[in-house]
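Read through the structure below, which is laid out as structure tokens, and then see the notes.
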Amino acid sequence: MSDLLLEFYSEEIPARMQEPAAEHLKTSFSSELSEERLSFESVATYSTPRRLVIIIWGLAQSSNSFSEERRGPRVGAPPEAISGFANSVGVAESELYTKKVKKGEFHFYDLKHPGYSSEKLIKKIAVKVAHSFPWQKSMKWGEYSFRWVRPLKSIMCMLYHEGKDPRSIDLELNGIISSSYTYGHQIMSPEKFYPLGAKEYMKCLRDRRVILDYTERKNLIWASAKRLAEEQEAELIRDDSLLDEVAGLVEWPVILMGDIDEEFLTLPREILQVSMREHQKFFSVISADTGLLCKFVVVANLEARDGGKSVLEGNSRVLRSRLRDAKFFFNKDLIDIKNKKFEYLNQRLEFVTFHHRIGSQAHRVQEIRKISGRVAKLLSVNAKVCDQAVNLCKTDLTTNVVREFPELQGVVGRIYCKMEGEDEAIYNAVSDHYKPLTQNDQVPEEMVSIVVGIADRVFTLTSFWAINEKPSGSKDPFALRRSAIGLIRILLEKRLSIKLTDLIENDLKPEIAQDLCQFIAERLRIHLIEKGYSHDTLQACLNLSTFENPYAAFVQIEQLEKFRKTELFHKLIDAYRRPNNILHSEENKAKRKFESEPSTELFNSSEENNLMDKLVAVEHSVKASLAERDYVGSFGALADLNEVVEAFFENVTINSLTPEEKENRLYLCNKVRKIMHSVANFSELRVL
Amino acid sequence: MPRSFQEIILKLHEYWSACGCVILQPYDLEVGAGTFHPATTLRALGTDHWNAAYVQPSRRPTDGRYGENPNRLQHFYQYQVILKPSPSNIQELYINSLDKIGIDRTLHDIRFVEDDWESPTLGAWGLGWEVWCDGMEVSQFTYFQQVGGIDCNPVSGEITYGLERIAMFVLGIDSVMDLPFNDPASLKPLSYGDIFRQAERQYSRWNFDVANPDMLSEHFHDYEKECKRILAEKKMDKHLCESIIMVQPAYDYCIKASHVFNLLDARGVISPTERQNFIARVRDLAKMCAEAFLESEQGQRRT
């Protein structure tokens with residue numbers, strides 16, 4: 001047994017790509033290992049801004065050998081066939097043996113697949129994985145033809161075997177050759193070193209100012225920053241996505257805290273926080289006494305000679321100049337608002353283009369108002385309040401602060417609306433209708449924000465669809481996928497049962513509306529797959545009529561996913577399969593369907609009558625359950641069919657000699673399937 | 001430690017010269033960035049090895065603030081280094097250059113933060129970073145992947161220093177106009193503002209309110225036509241009876257068209273639709289020049 005260490009050491013990998021890359025390295029490498037029958041105890045991957053590392057503990061010396069029983073021609077087959085078979089497995093005819101199986105007596109040979117040395121296999125796997133690495137964007141550099149996310153500086157691939165010298169595995173990626181050394185921290189420990197074991201590698205890195213583990217860096221940053229703030233009787237504001245990003249920008253986090261100049265303390269907290277976070281990647285710290293945002297925390301990648309004094313000074317200076325800009329623009333806005341009302345700024349929206357083929361921002365607001373009226377009605381929310389919220393939701397696009405700091409859209413509108421004494425529901429909607437902004441962001445809480453959020457997205461999607469500007473491949477310049485996902489998440493997470501057709505009603509030509517619905521349905525499917533719902537459950541539940549109402553489809557999916565794990569599910573599937581299989585083959589033979597209502601007069605067994613009675617009852621209760629969206633109830637009702645269906649198949653022969661009878665029984669089977677399909681398409685489901 | 005803006009430039013020249021770069025002078029046309037210099041745009045194409053450094057005065061008319069914003073100018077200086085093929089120690093070379101101008105790596109937090117570069121008007125893009133020094137963006141670092149729509153092979157590494165920013169950082173100055181241009185201890189010390197404030201005011205006014213849009217539009221058309229006409233000429237020169245493909249004169253007109261477009265943009269007379277259209281037209285010129293360069297003697301030569 002040995003340990004494998006493979007390190008790709010490169011120039012800075014974008015922070016957001018590091019962890020997904022480590023995850024891919026782990027899954028692709030492990031699946032290649034099992035493909036090659038090379039066993040191992042465990043595998044771990046790590047990422048830093050400059051490295052991507054996989055360590056495989058307890059790797060076997062060679063892959064498992066195995067033999068495969070190959071069946072040749074029947075005994076008594078022409079001699080050419082037999083010698084041909086012997087040739088194909090590479091042995092003399094005399095080495096074949098014969099064996100009797102169900103279908104008769106055949107020639108056989110046990111083909112032996114030898115084991116290959118781990119070194120050879122690792123070399124093959126590492127090269128394959130590196131060449132097919134799915135970076136979102138990759139590049140070339142210098143005169144190399146190999147592509148990676150940023151230039152690779154070295155590759156280290158080592159096999160460590162206790163009591164033996166480390167073995168370096170030679171890899172070559174279009175001219176880039178592996179070595180048995182790596183480097184420490186770029187600035188604090190740039191010298192080469194030769195790790196003598198996988199564990200030792202991690203320790204050596206730590207001595208050389210590199211923390212290999214991303215989660216460890218994250219925890220360390222959070223804990224030290226929190227402690228620093230607490231020592232000053234202040235509170236650090238939690239910001240998980242910033243923490244995620246910052247942990248991907250440093251190999252050796254050094255946490256420093258600085259003061260925000262007093263002259264900026266009067267700026268609204270949101271403006272301070274956003275400009276610090278977006279531009280400087282600073283955490284915000286609030287004073288326990290005053291409740292004001294008074295300090296910032298910066299995470300450096302250096303233990304500086306002067307204890308971080310220069311680093312802090314530099315950062316403070318950059319912050320100061322940024323905040324000075326923000327303050328300048330904020331004061332300019334205040335003058336505008338003082339002279340006229342905030343709402344008055346809407347006049348300027350005429351002159352701000354939303355999209356040249358769609359119209360101005362003023363046009364956008366008018367259209368969103370129309371849609372929000374409709375949505376408010378559907379959700380029984382006060383339409384007047386929603387209308388006023390929409391009226392103010394894009395006003396801040398004309399403010400000086402937003403023009404300078406576009407990422408403050410919504411936040412600034414909220415501040416100004418609040419200052420003017422608008423209702424809480426309105427100023428919350430002005431900022432929250434943009435939510436969710438990212439995957440980790442929450443959907444809006446309040447109903448007015450929800451209505452505006454839905455209306456805004458419906459407008460965006462329908463207007464871009466109307467001018468045929470749709471996302472294609474990796475191109476989605478207007479972030480329409482994000483709009484659709486936002487819409488879906490609001491509907492699902494807020495449990496809003498609305499039909500898509502009611503949302504996009506009369507704005508689009510039918511075929512364009514249909515296409516947009518398809519697009520949203522596809523986002524819904526992808527969203528749910530990412531959430532971990534199984535593929536076939538989605539397949540079974542999503543069809544043209546169900547995805548019309550995303551929330552209803554989701555409820556069904558959720559309940560079916562749960563139901564699949566119960567005993568009753570197997571009964572239901574049994575009741576489905578037999579009639580479905582027979583229908584399938586008969587439909588294929590006859591090239592037609594058997595969709596008429598069965599005639600009770602043609603029944604001549606109690607089982608037929610029983611099945612029919614039960615079907616009528618089940619049809620009724622399924623309908624009632626579906627009306628209530630009680631899918632579990634409808635699945636249960638369907639499972640109830642199991643006994644009568646079984647009795648029917650045990651005692652009644654479908655293939656009656658009287659054609660009318662046979663036909664009638666197929667109608668009966670069809671009725672079973674029809675009722676089942678009214679709930680979900682069970683033919684899509686695998687039995688777990 | 002450098003004491004003035006000009007000393008920083010001299011130190012960078014000295015450093016990159018010692019690294020084997022040719023130290024060029026600025027290109028003598030109005031450009032928006034150091035990348036437009038033919039020493040970068042054209043030389044990034046073809047297979048020749050090429051290492052050069054130069055200061056490029058750059059103009060971005062829309063960024064004018066009448067000399068009143070501490071960080072923004074419509075005319076500024078970039079220090080541009082182009083290394084082709086990009087050497088494997090390019091980051092180290094860069095960090096060493098910071099040492100030379102007084103940014104000590106053991107005192108300052110230098111970070112390479114993802115930032116991919118794209119120039120729609122040049123049909124060029126690359127991957128790289130913006131370089132942060134204690135939270136301040138001081139340089140742009142790019143590995144060119146395409147220029148004029150053509151794949152770069154070998155790949156060039158481009159380093160662009162924002163000279164005013166870096167000088168403000170090194171000299172500890174908060175407003176660009178206060179930067180000492182020459183040595184503050186010299187007989188007649190001058191600040192950046194002493195030299196450029198008036199020009200910033202004048203150009204800001206002209207860019208935003210006074211430039212003649214009709215004349216500029218006409219110039220754009222003329223430049224576009226001239227660029228295409230030059231490239232459409234027969235290759236054979238009638239005096240030398242040899243092939244001379246006139247890439248650089250044509251490219252000059254591409255640069256001129258690009259600058260006129262920037263002026264029209266600042267003047268606020270271009271609608272968003274037209275804007276895309278203008279950009280596409282300049283890009284077409286850049287692409288034609290790039291293709292012509294590869295056909296020319298210079299583009300064909302192998303090192």
- Task: Would you check segment A:133-266 for Lys pairs whose C-alpha atoms are within less than 16 Å, ignoring same-chain pairs closer than 8 in sequence, and give me the count?
- Result: 5
- Straight-line reach from B:Lys256: which lysines have a Cα under 29 Å away, not including same-chain ones fewer than 8 places off? B:Lys84, B:Lys225, B:Lys228, B:Lys234, B:Lys235, B:Lys238, B:Lys287
- Query: What ratio of Cα Rg to 2.2 N^0.38 Å holds for segment B:59-109?
  - Reply: 1.61
- Task: For chain B, set up a Gaussian network in which alpha carbons nearer than 10 Å are linked by springs, and say which option among B:Tyr143, B:Tyr66, B:Tyr54 fluctuates the most.
- Result: B:Tyr66
- Task: Using +1 at the Cβ of each Lys and Arg and -1 at the Cβ of each Asp and Glu in segment A:33-163, identify which of A:Val89, A:Gly163, A:Ser67 lies farthest towards the dipole's positive end.
- Result: A:Gly163
- Item | Sum of -39500 (n - 2.57) over DSSP H runs of 4+, divided by residues of the protein assembly as shown (222 nm, nearest 500) | -15000 deg cm²/dmol
- Rule-of-thumb check for segment B:161-303: C-alpha Rg over 2.2 N^0.38 Å? 1.46
- Sorted by accessible area with a 1.4 angstrom probe, largest first, how do A:Val385, A:Val458 fall? A:Val385, A:Val458
- How about A:Lys435: which lysines have a C-alpha closer than 24 Å to its C-alpha, ignoring those fewer than 8 places off in the same chain? A:Lys281, A:Lys370, A:Lys377, A:Lys384, A:Lys394, A:Lys418, A:Lys470, A:Lys475, A:Lys494, A:Lys499, A:Lys531
- Message: I need the Debye-formula profile for segment B:221-303: one equal scatterer per C-alpha, no solvent, reported as log10 I(q)/I(0) at q = 0.14 1/Å, two decimals.
- Response: -0.53
- Message: If you wrap a convex hull around the alpha carbons of segment A:86-195, what volume per residue comes out, as a whole number of Å³?
- Response: 237 Å³
- For segment A:474-586, with equal point scatterers placed on the C-alpha atoms only and solvent neglected, what are the log10 I(q)/I(0) values from the Debye formula at q = 0.23 1/Å, to two decimals? -1.29
- List the residues whose amide H sits under 5 Å from the amide H of B:Asp109, counting only those 5 or more places along or on another chain, with H placed 1.01 Å from N in the peptide plane. B:Asp134
- Near the amide H of B:Ser191, under 5 Å away, which other amide H atoms are found, from residues 5 or more places off or on another chain, if H is placed in the peptide plane? B:Phe181
- Expected vector for segment A:650-662, Karplus 3J(HN,Hα) from phi with 6.51, -1.76, 1.60 and θ = phi - 60°, integer Hz, x for Gly and Pro, equals 5, 10, 10, 8, 5, 6, 6, 6, 8, x, 5, 5, 4
- Message: I'd like to know which of A:Ser28, A:Tyr9, A:Gly175 lies farthest towards the positive end of the charge dipole of chain A, counting +1 on Cβ of Lys and Arg and -1 on Cβ of Asp and Glu.
- Response: A:Gly175
- Message: Just to confirm, what accessible area per residue do you get for segment A:643-688 at 1.4 Å probe, in whole Å²?
- Response: 49 Å²
- Task: Using a 1.4 angstrom probe on the protein heavy atoms only, line up A:His433, B:His239, A:His677 by accessible area, largest first.
- Result: B:His239, A:His677, A:His433
- Take chain B, connect every pair of alpha-carbon atoms lying under 10 Å apart with a spring to form a Gaussian network, then pick out the residue of B:Gly172, B:Gly193, B:Gly268 with the largest mean-square fluctuation. B:Gly172
- What are the semi-axes of the equivalent ellipsoid for segment A:261-416, taken as the square roots of 5 times the Cα gyration tensor eigenvalues, largest first, in whole Å? 37, 17, 16
- Item | Nonlocal amide H pairs with A:Gly72, under 5 Å, H built at 1.01 Å | A:His107, A:Phe108, A:Tyr109
- Query: Magnitude of the Cβ-charge dipole of segment B:10-72, K/R +1 and D/E -1, about the Cα centre, nearest 20 debye?
  - Reply: 160 debye
- Message: Using the crude model of +1 on Lys and Arg Cβ and -1 on Asp and Glu Cβ, and no other charge, please compute the dipole size for segment A:94-247 relative to its Cα centre, in debye to 20.
- Response: 900 debye
- Message: Let me check the size of segment A:1-79 from its C-alpha atoms; what are the radius of gyration and Dmax in Å?
- Response: 19.9, 68
- In a Gaussian network model of chain B with springs linking alpha carbons closer than 10 Å, the residue among B:Lys234, B:Lys256, B:Lys188 that fluctuates most is B:Lys188
- Query: How many Å³ per residue does the convex hull of the Cα positions in segment B:1-46 occupy?
  - Reply: 96 Å³
- Message: Can you work out the Karplus-derived ³J(HN,Hα) for every residue in segment B:282-290? Use 6.51 cos²θ - 1.76 cosθ + 1.60 with θ = phi - 60°, whole Hz, and x for glycine or proline.
- Response: 5, 4, 4, 4, 4, 5, 4, 5, 4
- Divide, for segment B:91-231, the radius of gyration over alpha carbons by 2.2 N^0.38 Å, where N is the residue count. 1.38
- So how compact is segment A:520-674: Cα radius of gyration and Dmax in angstrom? 17.3, 53
- So how much accessible area does A:Glu343 have, in Å² to the nearest 10, using a 1.4 Å probe? 70 Å²
- Item | Set of lysines with alpha-carbon distance to A:Lys593 below 17 Å, sequence-local pairs under 8 removed | A:Lys662, A:Lys671, A:Lys674
- Query: For segment A:23-36, what does the Karplus curve 6.51 cos²θ - 1.76 cosθ + 1.60, with θ = phi - 60°, yield as ³J(HN,Hα) per residue in whole Hz, taken in order and with x for Gly and Pro?
  - Reply: 5, 5, 4, 5, 5, 5, 5, 5, 6, 5, 4, 6, 4, 8
- Note on the structure: Once A:Arg227, A:Arg577, A:Arg317 are ranked on solvent-accessible area with the largest value leading and a 1.4 Å probe, the list reads A:Arg227, A:Arg577, A:Arg317
- Task: Quote the Stokes-Einstein diffusion coefficient, in whole µm² s⁻¹, for chain A, based on the Kirkwood radius over alpha carbon pairs, a temperature of 25 °C and a viscosity of 0.890 mPa s.
- Result: 78 µm²/s
- Message: At 1.4 Å probe size, what's the solvent-accessible area of A:Asp387? Round to the nearest 10 Å².
- Response: 50 Å²
- Quantify, in whole percent, the carbon and sulfur part of the accessible surface of chain A (1.4 Å probe; protein heavy atoms only). 48 percent
- Treating every alpha carbon of segment A:536-597 as one equal point scatterer without solvent, the Debye formula yields log10 I(q)/I(0) values at q = 0.17, 0.23 Å⁻¹ of -0.80, -0.96
- Message: If I model a spin label at B:Gln248 and A:Lys128 as a point 7 Å from the Cα along the Cα→Cβ vector, what separation in nanometres do I get?
- Response: 5.3 nm
- Message: I'd like the interface area for chains A and B: accessible area of each alone minus the complex, both sides summed, 1.4 Å probe, protein heavy atoms only. What is it in Å² to the nearest 100?
- Response: 3500 Å²
- Kirkwood estimate for segment A:274-331, i.e. one over the average of 1/r between Cα atoms, Å: 12.6 Å
- Message: At 1.4 Å probe size, with the rest of the protein present, what percent of the exposed accessible area of segment B:1-144 is carbon and sulfur atoms?
- Response: 49 percent
- Surface/4 estimate of mean projected area, convex hull on alpha-carbon atoms of segment A:174-319, nm²: 10.9 nm²
- Message: In Å², and per residue, what accessible area does segment B:234-303 have when probed at 1.4 Å with the other protein chains present?
- Response: 57 Å²
- Message: Please give the charge dipole size of the protein assembly as shown, origin at the Cα centre, charges +1 on K and R Cβ atoms and -1 on D and E Cβ atoms. Round to the nearest 20 debye.
- Response: 1080 debye
- At 1.4 Å probe size, with no ligands or nucleic acids counted, give the accessible surface of A:Ile498 in Å², nearest ten. 0 Å²
- Regarding chain B, what are the three Cα extents along the principal axes, ordered largest first, in Å? 58, 49, 38
- Here segment A:403-517 gives, from Cα atoms, an Rg and Dmax in Å of 15.2, 46
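The values are calculated or read from the model by the stated rules, or taken from the named source; none is laboratory data. Given the structure is predicted, the values throughout are model-derived calculations rather than measurements. Here Cβ is always computed from backbone atoms with ideal geometry, including for glycine, and neighbour counts include all displayed protein chains. Quick note on the areas: whole protein, heavy atoms, side chains included, nothing else; ligands and nucleic acids left out. Shrake-Rupley method; radii C 1.70, N 1.55, O 1.52, S 1.80 Å.
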